[in-house]
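Heads up: the structure comes next, in structure tokens.
The values are calculated or read from the model by the stated rules, or taken from the named source; none is laboratory data. Only a predicted model underlies this, so the values are computations on that prediction, with no experimental measurement involved. Here the Cβ positions follow ideal geometry from the backbone for every residue, glycine too, while neighbour counts run over all protein chains shown.
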Amino acid sequence: MPYDNLICLHDSYAREFEAKVVYVGDSYVVLDKTAFYPTGGGQPHDTGKLLVGEGEAAKVYEVVDVTKEGNEENPTVKHFLSGELPQIGATVKGEINWDRRYKLMRLHTAIHLIDAVILRNHQEAFITGSNIYEDRARFDLDWPELKREDLQSLEDEVNEEVAKRRDVVVKFLPREQALSLPGLARTRPGQELLSQLNWVRVVEIVGLDQQMDGGTHVKNTAEIGRIKFEKFENKGKHNKRVEITLS
């Protein structure tokens, strides 16, 4: 199975896990598996703790950053810690900062839903990029005719979809099957990556959308809450930026 060492890509709701330290760097450790999400695809990394030992005697290491490098399907994930580091071979218990993770999950699924609604309802427009923060997200649009006064109508459209309580599922497809499905990758870098992978991770909002994606998501659109379009910037004819929050 691809992405075997990344528990979070198979189960976004995994909050705790056990693993072994397989490498120790200057300020980071590599584990044989992890539920910590490494920065990527516009989604920030997880934070949390690694614990060695049991009960009150357990040694606690704060995870302050998580990155990945190497093979996309089996990457090396670096857990950067504050202070000293555990030893190679140590068994650790990982604990995710769930409040942070869940906010990011909701925002990431919200961006996918907005992208799908725009693609379906407004063929003259498409999202060109996005970025997620702990308390908000933003997306950039190529939509020359979009004006600030149009945002309320678009906000109503996306919240109608949220209310339909669509399931969100993750699946792994062999490259040949993924290439036969139109629209899985909507940017040029994404299309190039799609052609290189042996297995493609797809996030599907059932009945609405499916995209190649490497992030964490909620199980149902009802978990997103209400999407609020907060800010609008006209950065040029082909670049409109919208910022969202959730309630």
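Brief remarks on what is shown
- Of all residues in the stretch 89-136, those being closer than 19 Å to E243 by Cβ, assigned to a loop (DSSP other than H, G, I, E, B) and among the charged types (D, E, K, R) number 3.
- Filtered residues of the stretch 193-203 (kept if free of Cβ contacts under 8 Å to residues at least 60 places away in the same chain, part of a helix (DSSP H, G or I) and either surrounded by 13 or more Cβ atoms within 10 Å (Cβ to Cβ) or in contact with a strand residue (DSSP E or B) (Cβ under 8 Å, 6 or more places away or on another chain) (or both)): L194
- Under the condition of being farther than 18 Å from H112 by Cβ and basic (K, R), the residues counted in the stretch 150-178 number 1.
- Among the residues of the stretch 151-175, those that are within 19 Å of N71 (Cα to Cα) and not hydrophobic (A, V, I, L, M, F, W, C) comprise P174, R175.
- Single match in T109, T34, T39 (criterion: surrounded by fewer than 14 Cβ atoms within 10 Å (Cβ to Cβ) and closer than 17 Å to R201 by Cβ): T39
- Selection of the stretch 42-70 for residues being closer than 15 Å to L9 by Cα and either surrounded by fewer than 16 Cβ atoms within 10 Å (Cβ to Cβ) or in contact with a Cys (Cβ under 8 Å, 6 or more places away or on another chain) (or both) yields D46, T67.
- Of residues in the stretch 1-55 being polar (S, T, N, Q) and touching a helix residue (DSSP H, G or I) at 6+ places or on another chain (Cβ under 9 Å), the one nearest to T76 (Cα to Cα): T34
- The single condition from (1) within 16 Å of the chain's Cα centre (by Cα); (2) assigned to a loop (DSSP other than H, G, I, E, B); (3) among the small types (G, A, S) that G190 fails is (2).
- Any hit, the stretch 140-158, residues being assigned to a helix (DSSP H, G or I), touching a helix residue (DSSP H, G or I) at 6+ places or on another chain (Cβ under 7 Å), at pLDDT 95 or above and of a type outside the set (S, T, N, Q): yes
- Contact map, the stretch 34-59: residues that are under 19 Å from S82 (Cβ atoms) and free of Cβ contacts under 8 Å to residues at least 24 places away in the same chain paired with residues that are charged (D, E, K, R) and surrounded by 17 or more Cβ atoms within 10 Å (Cβ to Cβ), Cβ distance under 9 Å, separation 6+ or inter-chain. Pairs shown: H45/D65.
- Test: residue in the stretch 166-182 that is surrounded by fewer than 14 Cβ atoms within 10 Å (Cβ to Cβ), under 23 Å from Q43 (Cβ atoms), modelled with pLDDT under 95 and basic (K, R): no
- Of all residues making up the stretch 73-87, the number that are closer than 22 Å to D213 by Cα and in a loop (DSSP other than H, G, I, E, B): 3
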